[in-house]
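Following: one structure in structure tokens, then a few remarks.
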Amino acid sequence: MSDAGAQARREQSSDTVFGAIVRGEIPADLVYEDDLCLAFRDLNPQAPVHVLVIPREGIAGLTEAGEADPALLGHLLQAADVVAQREGIAERGWRVVINVGADAGQTVNHLHLHVLGGRALSWPPG
Ligand code: AMP
């Protein structure tokens, strides 16, 4: 599946702030890492726990990951679950969010999963 928006995201994905975090060029508050991904606290948290899980590889978004490496998506979801357990929100409940494209408010063209919890999360999201 591909469209003009996805193409634009791919073209902008080669260097993002998250790529700089992966390369260690800018600091991040890491909570988890392994050979395929890392997780760090969001700079502008929307909940008491707000962690971003990103692949080390600079993949633009969900669509691109599904095309290039679908197994990576399972790995990232498992990593999100590990983060939720480590952060102490697994029992109460938590949410994983992937924003895709402009309408969803995706601002960084490097795939990232938001792990949110530590308070009751309303539904539907805004
Ligand atoms: P999205 O809107 O889904 O693209 O989410 C991007 C997220 O990245 C936002 O929640 C930002 O607050 C967060 N963010 C941007 N730059 C940084 C950074 N240097 N460290 C941590 N989080 C960041």
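Placing +1 on each Lys and Arg Cβ and -1 on each Asp and Glu Cβ, with no other charges, gives the chain a dipole about its Cα centre of roughly 420 debye. Full extension of the chain between GLN46 and ALA120 gives 25.5 nm of extra length, using 0.36 nm per residue less the Cα-Cα distance.
Helix-only mean residue ellipticity at 222 nm, the chain, DSSP H runs n ≥ 4 weighted -39,500 (n - 2.57), per residue, nearest 500. What is it? Could you put the intermediate results ahead of the total?
Values: 4 runs with 38 residues, N = 126.
-8500 deg cm²/dmol, from helical runs alone.
So, with a 1.4 angstrom probe, what is the percent of accessible area on the chain that is carbon and sulfur? Result for the chain: 53 percent of the exposed heavy-atom area is carbon or sulfur. The string of couplings for segment 28-40 from the Karplus curve (6.51, -1.76, 1.60, θ = phi - 60°) is 8, 8, 6, 10, 6, 7, 8, 5, 10, 8, 9, 9, 8 Hz, one whole number per residue in order, with x for Gly and Pro. Can you bin segment 17-89 into rounded, prolate or oblate? Criterion: square roots of the alpha carbon gyration tensor eigenvalues sorted a ≥ b ≥ c, rounded for a/c under 1.5, prolate for a/b above b/c, oblate for the rest. Since a/c reaches 1.5 but b/c is at least a/b, the shape of segment 17-89 is classed as oblate. What the pair-distance distribution of the chain shows, using all Cα-Cα distances binned every 5 Å from zero, is 2, 11, 21, 24, 21, 14, 6, 1, 0 percent. The mean sequence separation of alpha-carbon pairs under 8 Å and at least six residues apart, normalised by the residue count of the chain, gives a relative contact order of 30 percent. The residues of the chain have, on average, 56 Å² of accessible surface per residue, using a 1.4 Å probe with all protein chains present.
The values are calculated or read from the model by the stated rules, or taken from the named source; none is laboratory data. Given the structure is predicted, the values throughout are model-derived calculations rather than measurements. FYI the Cβ positions are ideal-geometry reconstructions off the backbone, even for glycines, and counts take in every protein chain you see. Ligands, DNA and RNA are stripped out before the accessible areas are found, and what is left, the full protein with its side chains, is counted by its heavy atoms. Shrake-Rupley method; radii C 1.70, N 1.55, O 1.52, S 1.80 Å.
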